[in-house]
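Only the coordinates and a few stated rules stand behind these numbers; no lab work does. Just so it is clear, the model here is predicted, and its values are computed rather than measured. Glycine also receives a Cβ, built like all others from the backbone with ideal geometry; neighbour counts cover every protein chain displayed.
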Amino acid sequence: MRKLGKKRQQEQSAGQLRFPFRGLAREALWDSVILSGFGFVQEELEAERRALCGERYVHQEHRQAVRAGHVPSSLVLGGRRVEIPRPRARSTDGRELSLPSWQAWSARDPLDERAFEQMVLGVSTRRYARL
């Protein structure tokens, strides 16, 4: 196999387009993590509302809270602010009840760049000291 000169290498690669696979793969992985994150957030919020209000369509005599629909809210996930329908719950006397996980998630980004980097590398995301 003979080596090509620098000029000849440039001539051969001039007609060939480079596929930015690394950037596309990272973005596709990021999007799949974000979508699964949305699914988890919605399931967790609904589970908390179910714990407060009970199962849907089940009559309870001593109910402490009732379902109050959804409200459009925003959440930062993966460095992006996105809209998500937040489930609402009200006490039987009409006070708005807050969902504990929503308060925690709306205060910070649950999937920061460092956690994403560790997931991509396959490392546990526990709080180990960084070397």
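Please label the shape of segment 31-89 as rounded, prolate or oblate, based on the square roots a ≥ b ≥ c of the eigenvalues of the alpha-carbon gyration tensor (a/c under 1.5 means rounded; beyond that, a/b larger than b/c means prolate, else oblate). In terms of gyration-tensor shape, prolate. Other residues whose C-beta falls under 11 angstrom from the C-beta of Cys53 contribute a net charge of +4, scoring Lys and Arg +1 and Asp and Glu -1.
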